[in-house]
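These notes are about the structure you will find just below.
The values are calculated or read from the model by the stated rules, or taken from the named source; none is laboratory data. Quantities reported herein were computed from a predicted structural model and do not represent experimental measurements. Positions of Cβ are backbone-derived with ideal geometry, glycine not excepted, and every protein chain shown enters the neighbour counts.
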Amino acid sequence: MTGSPKDYDAALDRAVVHAKRWLGSVPDRPVPPASDADAMASVFGGPLADGPTDPAEVVEALGSAMEPGLMSIASGRFFGWVMGGTLPAALASDWLVSAWDQNTGMRYPTPGTAAVEQVAGEWLLDVLGLPSTCDVGFTTGGTMANFVGLAAGRQRVLTDAGWDLDDLGLQGAPRVTVLAGAQRHDSVDLALRYLGLGRPTLVDADDQGRLRIDALASAFEAIPPGTPVILALQAGNLHSGAFDPLGDAVEVAHRHGAWVHVDGAFGLWAGASATLRPLVDRYGTADSWATDAHKTLNVPYDCGIAIVADRKAVRAAMEVHTSYLVNPSSLEQPADPLGVTPEMSRRARGVPVWAALRSLGRSGVAELVDGLHRNARAIADGIRTIEGAEVLNDVVYTQVSVAFGSDERTREVTRRVLVDGVAWMSGSRWRGRDVLRVSVSNWSTDDADVAASVDSVRRAAALP
Ligand SMILES: *Cc1c(COP(=O)(O)O)cnc(C)c1O
């Protein structure tokens, strides 16, 4: 079964037709999918055909039957979880990444895509105002970016404690104390589990979910001197958008020799806006940072970004080698992409980041982030005028959490919003209450989307 280059033409042509049709339908179709996963499995299922099918026919079958199973995550009225849409330049570049099919683990065999990722990393550090000497790795998402930062931290604090992690692993190692805010994202716990570091010791948070500095100071006082410590901070709370007091927390932690990691899956982008920058005051003094490009930057799934100041620590943790002794001269050079992420083989997922940054420019990135914040405030202001609605958080960034009296009532309003189909917002629980949570993460949300979404919530809340 030898393929001909012409097979690509016909299959790609079908893909373009269906992609454009889908994107063209997004502004007007209901946001939620019309079908469910079981029904969709029966559409695409049945026994596998014995023989081959023409490639264009395969793409046609997929493209023509998929629509009922698609969520309009690309819609300006999608506010679920924290999920961005896709900028046009990022989407089209992602298609090229697939067509080029470059296994971008090393600089030497895939110089083009490795170079574009390197530049994307440099631009990112520049727009975020983080140290230009950091290593940048493109991961599948924020969870793995947290994993990379915390792995580098584990490497450094155990090395500082005189322990040879590479040869001996964690067995018999000095116990690493990990501190995290009470309202850290669950993916931090997940990454710590991958790393064999167990559950973090929680530090009290205030009513917005920000770690309390006085509680952090007491937590450090209780740790015996010489203990290896990692502190995981948060930039952007899922429910409130609030930021831990990053600069002050780093200062306290560094006084005790701890490694400080910042989970900024969507919040790190506040650093790109002159207006919002105070939220991440002095965050550049931390040791590692995690963020997502598939959230705030609006590149297609999937793309997270791990940023680590200590090149030696991250390469020791991630590079394919047998010794912690990285050749010091190589530390002056950009890392091979596989040297700073868990994967060996992977797609060039940093290329759409380059395209997004290039298409937005410096001012465009700032305007994107400011726009998300502005829309979140407008939605909160609109919802506040609805009788019985209570916005529970200070809308400092892109997140809004709303309660409608009792938990039952809030759940019912949430259910009706989803049935209405004009917008998608997540049901969640925060501070012991059920909430309707709005996350403004899509670049295309405009005033009309904001108004229509507030109206939808108003309708849902008006029903008896
Ligand atoms: C989304 C999110 C994560 C996890 O990122 P993924 O890309 O889903 O792996 C981590 N932390 C915070 C604060 C998040 O919002």
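Rundown of residues vs (1) β-branched (Val, Ile, Thr); (2) surrounded by fewer than 24 Cβ atoms within 10 Å (Cβ to Cβ); (3) in a helix (DSSP H, G or I), yes/no style:
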{"site": "361", "(1), (2), (3)": "no, yes, yes"}
{"site": "371", "(1), (2), (3)": "no, yes, yes"}
{"site": "401", "(1), (2), (3)": "no, no, no"}
{"site": "419", "(1), (2), (3)": "yes, yes, yes"}
{"site": "456", "(1), (2), (3)": "no, yes, yes"}
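Remark: pairs (first residue in the stretch 67-87, closer than 19 Å to residue 438 by Cα and within 15 Å of the ligand (Cβ to nearest atom); second residue of a type in the set (Lys, Arg) and outside any loop (DSSP other than H, G, I, E, B); Cβ separation under 9 Å; 6+ apart in sequence or on different chains) = 79/437; 80/437; 81/437.
Among the strands (runs of 3 or more DSSP E) contained in the stretch 181-295, which hold 1 or more residues that are in contact with a Ser or Thr (Cβ under 9 Å, 6 or more places away or on another chain) and more than 16 Å from the ligand (Cβ to nearest atom)?
Numbers: elements: 201-203, 229-234, 259-263, 288-292.
Correct list: 201-203, 229-234, 259-263.
Annotation: of all residues in the stretch 95-118 being among the β-branched types (Val, Ile, Thr) and more than 15 Å from residue 358 (Cβ to Cβ), the one that is surrounded by the fewest Cβ atoms within 10 Å (Cβ to Cβ) is 110. Remark: pairs (first residue in the stretch 242-261, within 30 Å of residue 437 (Cα to Cα); second residue of a type in the set (Phe, Trp, Tyr) and assigned to a helix (DSSP H, G or I); Cβ separation under 7 Å; 6+ apart in sequence or on different chains) = 246/283; 247/283. Inclusion of residue 202 among residues that are of a type in the set (A, V, I, L, M), touching a Gly at 6+ places or on another chain (Cβ under 8 Å), surrounded by fewer than 20 Cβ atoms within 10 Å (Cβ to Cβ) and under 30 Å from residue 392 (Cβ atoms) is warranted. For residue 75, the criteria (1) crowded, with 18+ Cβ neighbours inside 10 Å; (2) over 24 Å from the mean Cα position of the chain (by Cα); (3) not β-branched (Val, Ile, Thr) hold in every case but one, which is (2).
Let's see how each residue does on (1) out of contact with any helix residue (DSSP H, G or I) (no Cβ under 9 Å at 6 or more places or on another chain); (2) assigned to a helix (DSSP H, G or I); (3) without any contact (Cβ under 8 Å) to a residue 24 or more places away in the chain:
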position: 24; (1), (2), (3): yes, yes, yes
position: 29; (1), (2), (3): no, no, no
position: 34; (1), (2), (3): no, no, no
position: 48; (1), (2), (3): yes, no, yes
position: 60; (1), (2), (3): no, yes, no
position: 90; (1), (2), (3): no, yes, no
position: 94; (1), (2), (3): no, yes, no
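Out of 253, 316, 242, one residue alone is at pLDDT below 95 and either crowded, with 24+ Cβ neighbours inside 10 Å or not polar (S, T, N, Q) (or both). It is 316.
Check the stretch 171-183 and report whether any residue there is within 20 Å of residue 281 (Cβ to Cβ) and free of Cβ contacts under 8 Å to residues at least 12 places away in the same chain. No, there is no match, as no residue in the stretch 171-183 is within 20 Å of residue 281 (Cβ to Cβ) and free of Cβ contacts under 8 Å to residues at least 12 places away in the same chain.
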